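> My questions will all concern the structure given below.
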Amino acid sequence: MNTTSFIPKDLKFLLKDTTVTWKTPSNIALVKYWGKTNPQLPKNTSISFTLSNCHTTTKIIFSKIKKVQQADFELFFEGKKKDDFKPKIATFFERIATYCPYVLEYKMEIHSENSFPHSSGIASSASGMSAIAMCLMSLEKELNPAISEEFFNQKASFLARLGSGSASRSIEGPLVIWGDHPDFDESSDLYGIKFPHYVHSIFDNYQDTILLVDKGEKQVSSTVGHNLMHDHPYAENRFKQANENLSKLSKILQTGNIKEFIKLVESEALTLHAMMLTSDPYFILMKPNTLNIINEIWSYREKTGSNVCFTLDAGANVHMLYPENEKEQIHSFIESKLAQYCQKGQFIHDFAGLGALSI
Ligand code: DP6
């Protein structure tokens with residue numbers, strides 16, 4: 001599959017006005033994407049659990065207009081007009097205009113809301129961009145009803161990726177791989193694919209509690225962080241390691257070797273942050289409470305033999321991953337020991353889910 005197959009040929013611009021709504025989740029990477037080239041192509045393959053409770057709901061009202069040169073849209077976030085988000089979305093529409101020429105034939109009113117608290121430090125770009133991509137594909141499907149569900153999802157992931165790399169992994173679930181990898185024939189740098197193998201039942205409804213350590217604006221954005229991988233002294237080894245880790249993780253997911261899962265996932269999280277610590281300029285996104293929580297998790301595991309582990313994204317919050325059968329014990333551990341390290345005692349219980357929903 002190459003990019004030309006995403007350029008539509010048989011669109012009939014007959015449709016007047018339409019409104020579509022999608023709810024798409026965030027995701028949490030197990031093997032991390034960190035480093036990319038233009039246009040939004042990853043330097044290594046990544047894999048993530050799609051989440052359920054952390055999601056964005058987006059409605060787009062499309063009204064037919066005469067063709068314009070630049071996408072004509074208004075953006076509302078949680079009921080209020082949000083002009084500061086517009087430049088990012090405008091760039092997205094420019095990037096996708098070749099693949100979605102119809103965006104220039106409609107005025108778009110975009111209404112978005114997140115299920116998680118605003119500025120919780122939870123990356124909303126994955127859920128936000130994937131929701132817009134799904135809405136565009138719904139319009140495309142109305143213009144060309146012949147497109148298959150497979151093509152719909154693949155192109156949605158392709159479009160979402162052009163908005164934010166990790167958004168390509170938020171269309172389907174519960175496990176999605178993005179980036180070309182020799183072990184997975186169907187894998188691609190252009191879009192995410194569902195993990196194609198059997199997955200051991202220990203990973204069914206895998207739990208993720210997000211501990212909100214720091215809800216402030218990040219000091220260094222993901223875009224800047226990705227760019228710092230270009231001249232990074234450890235970059236090549238890191239990209240190689242990530243691809244090897246995916247091969248290992250693929251076996252772990254199939255066999256249910258939870259101890260190896262813990263080792264690999266925690267190592268990936270710390271390696272991601274090690275790349276930040278060793279960038280030029282260097283930066284630190286973890287906070288003292290990020291480390292306090294990690295140490296608490298390690299001693300809890302030591303004491304109880306639990307299978308809980310942690311991962312991190314590009315921020316200070318900690319994602320605690322654990323099997324469903326440990327839910328009760330882990331919830332009381334969080335309430336009694338970990339909530340004190342969270343801003344205003346806040347955390348969000350989530351679990352692996354199946355991806356985007358039309359509503
Ligand atoms: C650390 O997808 O937010 O969460 O492509 O620039 O939008 P852009 O970056 P983004 O990067 C996510 C990085 C990560 C790891 C991951 O999700 O794989």
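The values are calculated or read from the model by the stated rules, or taken from the named source; none is laboratory data. Please read these numbers as outputs of a predicted model, since none were measured by experiment. Cβ placement follows ideal geometry from the backbone for every residue including glycine, while neighbour counts extend to all protein chains displayed. Calculation scope for accessible area: heavy atoms of the full protein, side chains included, ligands and nucleic acids excluded. Shrake-Rupley method; radii C 1.70, N 1.55, O 1.52, S 1.80 Å.
> Just to check your reading of the model, which residue among K16, K12, K43 is farther than 20 Å from M129 by Cα, within 16 Å of the ligand (Cβ to nearest atom) and open to solvent by 40 Å² or more (accessible area, probe 1.4 Å)?
Values: K16 fails: within 16 Å of the ligand (Cβ to nearest atom); K12 fails: within 16 Å of the ligand (Cβ to nearest atom).
Matching residue, one of K16, K12, K43: K43.
> A follow-up question, please. Restricting the search to the range 117-153, which residues are in a helix (DSSP H, G or I) and within 15 Å of the ligand (Cβ to nearest atom)?
Once the filter is applied, which keeps residues that are in a helix (DSSP H, G or I) and within 15 Å of the ligand (Cβ to nearest atom), the range 117-153 yields S125, A126, S127, G128, M129, S130, A131, I132, A133.
> Further question on the same structure: Of the numbered conditions (1) open to solvent by 10 Å² or more (accessible area, probe 1.4 Å); (2) assigned to a helix (DSSP H, G or I); (3) away from the ligand (no atom under 14 Å from the Cβ), A156 satisfies every one except a single condition; which is it?
Only one criterion is unmet by A156, namely (1).
> So, one more: Taking the stated definitions as given, is L175 under 30 Å from T255 (Cα atoms), touching a residue at least 12 places away in the same chain (Cβ under 8 Å) and of a type outside the set (V, I, T)? Can you show your working first?
Working: under 30 Å from T255 (Cα atoms): yes; touching a residue at least 12 places away in the same chain (Cβ under 8 Å): yes; of a type outside the set (V, I, T): yes.
The answer is yes for L175.
> Looking at the range 19-40 only, could you name the residues that are within 11 Å of the ligand (Cβ to nearest atom), in contact with a strand residue (DSSP E or B) (Cβ under 7 Å, 6 or more places away or on another chain) and either open to solvent by 40 Å² or more (accessible area, probe 1.4 Å) or polar (S, T, N, Q) (or both)?
Matches in the range 19-40: S26, N27.
> Please go through the range 298-315 and pick out each residue that is of a type in the set (D, E) and either open to solvent by 50 Å² or more (accessible area, probe 1.4 Å) or away from the ligand (no atom under 16 Å from the Cβ) (or both). First the steps, then the outcome.
Residues of the range 298-315 that are of a type in the set (D, E), as a first pass: 302, 313.
Passing the criteria: only E302.
> Is there a residue in the range 35-52 that is closer than 30 Å to L270 by Cα, without any contact (Cβ under 8 Å) to a residue 40 or more places away in the chain and either more than 17 Å from the chain's Cα centre (by Cα) or assigned to a helix (DSSP H, G or I) (or both)? Can you show your working first?
Residues of the range 35-52 that are closer than 30 Å to L270 by Cα, as a first pass: 35-52.
From what is left, the residues that are without any contact (Cβ under 8 Å) to a residue 40 or more places away in the chain are 37-38.
Among the residues that remain, those that are also either more than 17 Å from the chain's Cα centre (by Cα) or assigned to a helix (DSSP H, G or I) (or both) are: 37-38.
Yes.
> Could I ask something else about it? Return the total of residues in the range 245-297 being within 16 Å of the ligand (Cβ to nearest atom), open to solvent by 40 Å² or more (accessible area, probe 1.4 Å) and under 25 Å from S187 (Cα atoms).
Final tally of qualifying residues: 1.
> Next question, about the same structure. Considering only residues that are crowded, with 20+ Cβ neighbours inside 10 Å, within 25 Å of H319 (Cα to Cα) and either small (G, A, S) or over 14 Å from the mean Cα position of the chain (by Cα) (or both), which ones fall in the range 170-205?
The answer is S170, G173, G179, G192, F195, F203.
> Report every pair of residues separated by at least 6 positions or lying on different chains whose Cβ atoms are under 9 Å apart, first residue within the range 214-228 and under 16 Å from N317 (Cβ atoms) and within 11 Å of the ligand (Cβ to nearest atom), second open to solvent by less than 40 Å² (accessible area, probe 1.4 Å) and at pLDDT below 85.
As it stands, the answer is K218/G121, since those pairs meet every condition given.
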